[in-house]
Amino acid sequence: MAEVMPPVHKISFGAACDSGGAEFALFSANAGKVELCLFDSNDREISRQLLQRDGDIWHGRFRSISAGQRYGYRVHGPYDPANGHRFNPNKLLIDPYAKALDRSFQLHPAHFGYSAVSSGSARVMDQTDSAPFTPKCLVLPGLSAAEASLRRPLLNTVLYELHVRGMTVQLTELPPQVRGTFSGLSSDPVLLHLKRLGVTAVELLPVQPVADEPRLVQAGLRNYWGYNSICFLALEPRYAAGEPVSEFQQFIRRFHDTGIEVILDVVFNHSGEGDERGPTICFRGIDNASYYRLLPADRSQYVNDAGTGNTLNAAHPAVRRMVLDSLRYWASLGVDGFRFDLATVLGRENGEFHTAARLLSEITSDPDIAKLKLIAEPWDATASGYRLGAFPPPFSEWNDRYRNAVRRFWRGDRGLAPEIATRLTGSSDLFPNRGPFASVNFITAHDGFTLEDLVSYSVKQNRANGENNQDGTNENFSWNCGAEGETDSPAIRTLRQRTKRNLFATMMLSLGVPMITAGDEIGRTQHGNNNAYCQDNEISWLDWQTDSDEAMFLRFVERVIALRTSHPVFRRGSFYRGTVQSQPWKDITWLTAAGNEITPGDWREPDLTLLACAFSPETGLARYYLAMNPTPQPVSVALPAPTGNGWTLLLDTFWPEGGEALHHMMDSCTVRERSLVLLVQS
């Protein structure tokens, strides 16, 4: 029996230990009794301790509990789904503030809080004990000295989105036991690859513990992406070869030593407990009516703004505190920023999105959080949830209008010149008061086609997901270049490689923060699957073996990122103004092929296909000329008259590795079919 002691300091949620014992605290406004359940290393329950109530906080301090102790909660209260309450003390619950679990979660019938023999609104409470099948929380010792974030300016950032497991599970240079873990991710081969690429920050798909949806379990699949978190301060155990927290800290340290920041994708819009038919793992059993948004007309049902069955109640003080405490915790481990999944949910109060919503305001005003990189996915699963451009500073936002416009332009769609011009120059229409680096520019992401598939498939191929190819978007703006899927045609393969170069170069030469998806640089394919969230296999994993085409494209990628890094004009911190102080030219001029400035009437012409401009950096005398030709015919363009030195070729995507550098031109050049050229004059 653990000896109860009075708390020695202000209560913090979760479990904390010192030389004098351990303290536990849990929020629940509607519970009637809370039991702390202790387990030994053989997973046997050895003790139950009642927590004291102080308002809505249940807490206790125990002398005999030390670091390494396994625990969970049983929370007593009404089982009354019609009024929003789903307490069931037969279900062992994970602490929302747990900083470690002893194993990954595996769904079992015992996790469901209702009886399998009942149905609908008549469902009755299930009395099967779920403890044998539930991961146990671990009491951790105090953290070592905090790792400082790198604080790299956004204008110097090149993002690289990756999956911890998928990045290295097939990297044969590594020992098998570290593949797919933080240790594998921080290994020399990965760090060398990222450094050669020129990546400055990695954005990790969710690393918190994840629950697989019942449908996936029945189908023998798993939630590979991890957007189904069950608690927000712990690490998914499968991503660690050793003790997760110390391994994660070492991973952060190694990346920081290499000059690369770490950004976490966090999922505060819903939990892995699903809808009313889902399991009782954590929040549902602790205080369902507080943690979740419930339908007013029927509180047994959940608001489903996230499209996953439930929606966390981001307006509730306890939920807001949990989000902030989670972000501060990861920041204390050295994390450099966060990408907020379906972030519109976080700004909803009384169901409506508000830019000044309390949670968004608390995030952006918190001194430990606001100094980090904050990236919003500015939509959710509802018709009113698309809020691109509406998030407060210092948020940046995933810009899907950029993605769609660039895809369509290089596919050959007409009438896109004005849209492309706006997207290339930082999307000032969307972020007029925040500057270009509010826009995270991407061509691909984890959700959707890979870059290779974008130029190889016109139709999604998602049958492996078990939903009859009905899942995933049908609006991909992709182009198979003449054949669907794999082909031996040299002409089609050449065109696909060139189109990839066009797409990638456009992103790197645009104002904003570019984001690369892991494996795009080496030709990763998902064989047309544009929703591989449940494919923890070769469909999703990186294949590090490259053929000659992939090796050439990798060299092209390295060259274009280096070009962006070495030319500040592509990393402007402000939008173009139309003039340059003390210079005879504008800071940007849009030009026809004949070299004339494009008029307002020209912009309205759907036949304006070639897009060209001359532009200058914020300071200095250099001038640049960019021309993009998405048509199947070459176009001769007249270059602006040089002042001083002539024009020098920096990039030509017609050629596999970007053309011959230092090639000089005078007054004209040819932009070959479906290609891009970039020139400089200094």
Determine, for each peptide in 518-524, 185-191, 489-495, the mean count of other beta carbons within 10 angstrom over its residues, then list the peptides with the highest first. 518-524, 185-191, 489-495
Restricting to DSSP loop positions (anything but H, G, I, E, B) with no more than 10 other Cβ atoms inside 10 Å of their own Cβ, which GluC sites (Glu not before Pro) remain in the range 622-682? GLU660
Given contacts defined as C-alpha pairs under 8 Å and at least six residues apart, what's the relative contact order of the range 102-242, whole-number percent? 26 percent
What length, rounded to one decimal in nm, is gained on full extension from ARG577 through to VAL217, with 0.36 nm per residue of separation minus their alpha-carbon distance? 124.1 nm
Estimated distance in nm for a label pair at ALA148 and ASN468, the labels positioned 7 Å out from Cα along Cα-to-Cβ: 5.9 nm
Consider the candidate values (1) 24.4, 76; (2) 28.3, 93; (3) 27.0, 88; state which one is Rg and Dmax of the Cα atoms in Å computed from the structure displayed. (3)
State, to one decimal in nm, how far the label point of HIS76 lies from the label point of ASP368, with both points 7 Å from Cα in the Cβ direction. 3.5 nm
Measure out, as a whole number of angstrom, how far apart the alpha-carbon centroids of the range 269-339 and the range 442-467 sit. 29 Å
Of the listed links LYS500/LYS586; LYS91/LYS460; LYS136/LYS371; LYS99/LYS373; LYS195/LYS586; LYS371/LYS500, those spanning more than 29 angstrom between alpha carbons are LYS500/LYS586; LYS91/LYS460; LYS136/LYS371; LYS195/LYS586; LYS371/LYS500
Normalised by the residues of the range 4-138, what does the relative contact order come to in percent, with Cα pairs under 8 Å and at least six apart? 23 percent
Counting only DSSP loop positions in the range 107-174, the trypsin sites (Lys or Arg not before Pro) whose Cβ has at most 15 other Cβ atoms within 10 Å are ARG151
So, with points 7 Å from each Cα along the Cβ direction, the ASP257-ARG196 label distance in nm works out to 2.1 nm
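In whole percent, what relative contact order does the chain give with Cα contacts below 8 Å and a gap of six or more residues?
Relative contact order comes out at 10 percent.
Figure the gain on full extension for ASP54 and ALA29 (residue separation times 0.36 nm, minus the Cα-Cα span) and round it to one decimal in nm.
Details: separation 25, 0.36 × 25 = 9.00 nm, distance 1.03 nm.
Working it through step by step, the gained length comes to 8.0 nm.
Using helices alone, I'd like the mean residue ellipticity at 222 nm for the chain: each DSSP H run of four-plus residues gives -39500 (n - 2.57), total over residue count, nearest 500. Don't jump to the answer; show the numbers that get you there.
Working: 14 runs with 138 residues, N = 682.
For the chain, the value works out to -6000 deg cm²/dmol.
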When only DSSP loop residues count, what GluC sites (Glu not before Pro) in the range 322-397 have their Cβ near at most 11 other Cβ atoms within 10 Å? none
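I need the calculated FRET efficiency for the pair SER332 and GLN545, taking r as the beta carbon distance and R₀ as 51 Å, to the nearest 0.05.
Working: r = 39 Å, r/R0 = 0.77.
Once the sixth-power term is evaluated, E becomes 0.85.
Computed from the coordinates by the stated procedures, all read-outs in this text should not be read as laboratory data. All values reported here derive from a predicted model rather than from experimental measurement. All Cβ positions, glycine included, derive from the backbone under ideal geometry; neighbour counts span all protein chains shown.
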